[in-house]
1. From the list L67, L33, which residue is of a type in the set (A, V, I, L, M, F, W, C), over 23 Å from D153 (Cβ atoms), open to solvent by 10 Å² or more (accessible area, probe 1.4 Å) and within 14 Å of the ligand (Cβ to nearest atom)?
2. Report, by residue number, each residue of the stretch 96-115 that is under 24 Å from L67 (Cβ atoms), open to solvent by 30 Å² or more (accessible area, probe 1.4 Å) and in contact (Cβ under 8 Å) with a residue 40 or more places away in the chain.
3. State whether the residues of the stretch 10-19 include one that is within 11 Å of the ligand (Cβ to nearest atom), part of a loop (DSSP other than H, G, I, E, B), among the hydrophobic types (A, V, I, L, M, F, W, C) and modelled with pLDDT of 95 or more.
4. Quick check, is K17 within 26 Å of I132 (Cβ to Cβ) and of a type in the set (K, R)?
5. Check the stretch 125-133 and report whether any residue there is touching a residue at least 24 places away in the same chain (Cβ under 8 Å) and open to solvent by 40 Å² or more (accessible area, probe 1.4 Å).
6. Given the criterion under 21 Å from P121 (Cα atoms), more than 12 Å from the ligand (Cβ to nearest atom) and part of a helix (DSSP H, G or I), identify the matching residue among K42, K27.
7. All but one of (1) aliphatic (A, V, I, L, M); (2) more than 14 Å from the ligand (Cβ to nearest atom); (3) closer than 17 Å to V20 by Cα hold for A79; which doesn't?
Amino acid sequence: MSCKKNIVITGFMGTGKTVVGKEVALKLGLEFLDTDEIIEKKQGCTISEIFNKKGEEYFRELEQNVLVELAKMSNSVIATGGGTLLKNENLELISTNGIIFCLDANIDVLLKRLGKNMTRPLIAQKTNDDIIRLYEKRNENYNRIPNHIYNSDISPLETADTIIKLYNKLTAVSEKTE
Ligand code: S3P
């Protein structure tokens, strides 16, 4: 197998990073890696428990450590947490061997998808207005990522196909210029 850049999927909570990432990996026969899942396995507890016991800053350190490891890989599909690539350092790190796709959807669609899910510590006790404020604040950072895919009206399968098409196009272009 040739050594190809990772496909990195990021975006706000509820944009479907994990579901779409799994589809992309399945379709391309690549390994799927999820930063939150890796952290939970390594720590032996859930993300919520880490936030509650050790705080967000500690979680962000764990997240960055995982990213350092994943940045060394190739031929993988990586789904990040919603906040992982807000740090410039992390964005640069994962870009060295990855093409980043930022998923997005209409805020009403996201609120519906997130529903009353209590497993996400940042929004567990928050009102819709709080979540909207966080979404708007984060958009400044997400907007620095060139490849955006809006999936309010398309299925995870269609989103996966869009990513694959774009990835093939982008890697074909970069192979020609290398
Ligand atoms: C976070 C998103 C979560 C998880 C953690 C923090 C964030 O991942 O990493 O709760 O800062 O947006 P999902 O986006 O997969 O829910």
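The values are calculated or read from the model by the stated rules, or taken from the named source; none is laboratory data. Not measured: the values here are computed from a predicted model. Positions of Cβ are backbone-derived with ideal geometry, glycine not excepted, and every protein chain shown enters the neighbour counts. Protein only, heavy atoms only, side chains kept; ligands, DNA and RNA dropped before computing areas. Shrake-Rupley method; radii C 1.70, N 1.55, O 1.52, S 1.80 Å.
1. L33
2. N97
3. Restricting attention to the stretch 10-19, the residues satisfying the condition of being within 11 Å of the ligand (Cβ to nearest atom) are 10-19.
Filter once more, so that each one left must be part of a loop (DSSP other than H, G, I, E, B): 12-16.
After this cut, where a residue has to be among the hydrophobic types (A, V, I, L, M, F, W, C) as well, the list is 12-13.
Retained after the next criterion (residues that are modelled with pLDDT of 95 or more): 12-13.
Among the residues of the stretch 10-19, at least one is within 11 Å of the ligand (Cβ to nearest atom), part of a loop (DSSP other than H, G, I, E, B), among the hydrophobic types (A, V, I, L, M, F, W, C) and modelled with pLDDT of 95 or more, which makes the answer yes.
4. Answer is yes for this residue.
5. Scanning the stretch 125-133 turns up at least one residue that is touching a residue at least 24 places away in the same chain (Cβ under 8 Å) and open to solvent by 40 Å² or more (accessible area, probe 1.4 Å).
6. Exactly one of K42, K27 is under 21 Å from P121 (Cα atoms), more than 12 Å from the ligand (Cβ to nearest atom) and part of a helix (DSSP H, G or I), namely K42.
7. In the conditions (1) aliphatic (A, V, I, L, M); (2) more than 14 Å from the ligand (Cβ to nearest atom); (3) closer than 17 Å to V20 by Cα, A79 misses (2) alone.
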